[in-house]
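One structure is given here, and the rest of the page talks about it.
The values are calculated or read from the model by the stated rules, or taken from the named source; none is laboratory data. This one's a predicted model, so the numbers in the text were calculated from it and none came from an experiment. As a convention, Cβ positions derive from the backbone with ideal geometry for all residues, glycine included, and neighbour counts pool all protein chains shown. Heavy atoms of the whole protein, side chains included, go into the accessibility calculation; ligands, DNA and RNA do not. Shrake-Rupley method; radii C 1.70, N 1.55, O 1.52, S 1.80 Å.
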Amino acid sequence: LAEGAYEKLDRNGDGKIGYIMLRADLDNPEANGRTTYSIQEANRLLVENNKPELQIVGTELMASWSTARAKELFDAVVANKEQFDQVDFVFANNDDMAIGAIQSLNTVGFNTKGGENYIPVLGVDATAVAQSFIKDGQMSGSILQDGVAMAKSLAAFINNTALGNSFTHNTDYVYETGVNKVRIPYAKYIG
């Protein structure tokens, strides 16, 4: 973390980074991974910098991949001043839900174009709409699934299977048997 970054995130100065998680649904493996690993990685960075871990504000908000639902749920957070004052960060399982949170934040003067009041909001997919929100300074960033890397891995798996080898033969890919996956790294998009 850059010098002073933690203190800047802690809007109310309580020594904690409170976050809201906008979740898609409980049965979706992508949503589960995005939820788990975003918090895990953020906490890793905080601990490395001798800072307290993130603390969820309330409960996860089930927004079903929807901008409108995310806005509706976040409107309720914004309306509860005591809860809203604890929110320092917003994670969303996709960009649509992140944009719903930003729309809600805009109604109370946060995350507006060129505005001073700001709560970092992160999404996933790096959609064109999210990229414009990032460019305008309303959204902090997004995560882009690396389509080229995915295609290369599929080509390697097909080739290996055709030759009678294991999927990951002569590759750097790791097959995770517990979840039956090969994870392809995402790429940051911050504009």
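A few comments on the model shown:
- Sorting 158, 39, 143 by accessible area puts them as 158, 143, 39; the probe is 1.4 Å, largest comes first, and only protein heavy atoms count.
- Per-residue SASA entry for residue 150, accessible area with 1.4 Å probe, Å² rounded to 10: 60 Å²
- For segment 1-52, convex hull of alpha carbons as volume per residue, Å³: 82 Å³
- Crossing angle, helix 29-48 versus the chain [Cα axis fit, 0-90 degrees, rounded to tens]: 70 degrees
- Only beta bridges with both residues in segment 56-191 are counted; by DSSP, about 50 percent of them are antiparallel.
- Annotation: per residue accessible area for segment 26-98 equals 52 Å², rounded to a whole number [probe 1.4 Å, protein chains only].
- Cleavage-rule hits (trypsin sites (Lys or Arg not before Pro)) in segment 82-159: DSSP loop, at most 13 neighbouring Cβ within 10 angstrom: 113
- Solvent-accessible area, 1.4 Å probe, carbon plus sulfur percent, for segment 91-139: 49 percent
- Cα-Cα over 31 Å, subset of 71/181; 113/181; 81/135; 113/188; 8/81; 51/188: 71/181; 113/181
- Options 42, 15, 156, ranked by Cα towards positive dipole end of the chain, top entry (Cβ charges): 156
- Binning the C-alpha pair distances of the chain at 5 Å intervals from 0 yields a P(r) profile of 1, 8, 14, 18, 18, 15, 9, 6, 5, 3, 2, 1, 0 %, listed from the shortest bin outward.
- Ligands, DNA and RNA left out, the 1.4 Å accessible surface of segment 1-59 is 51% carbon and sulfur atoms.
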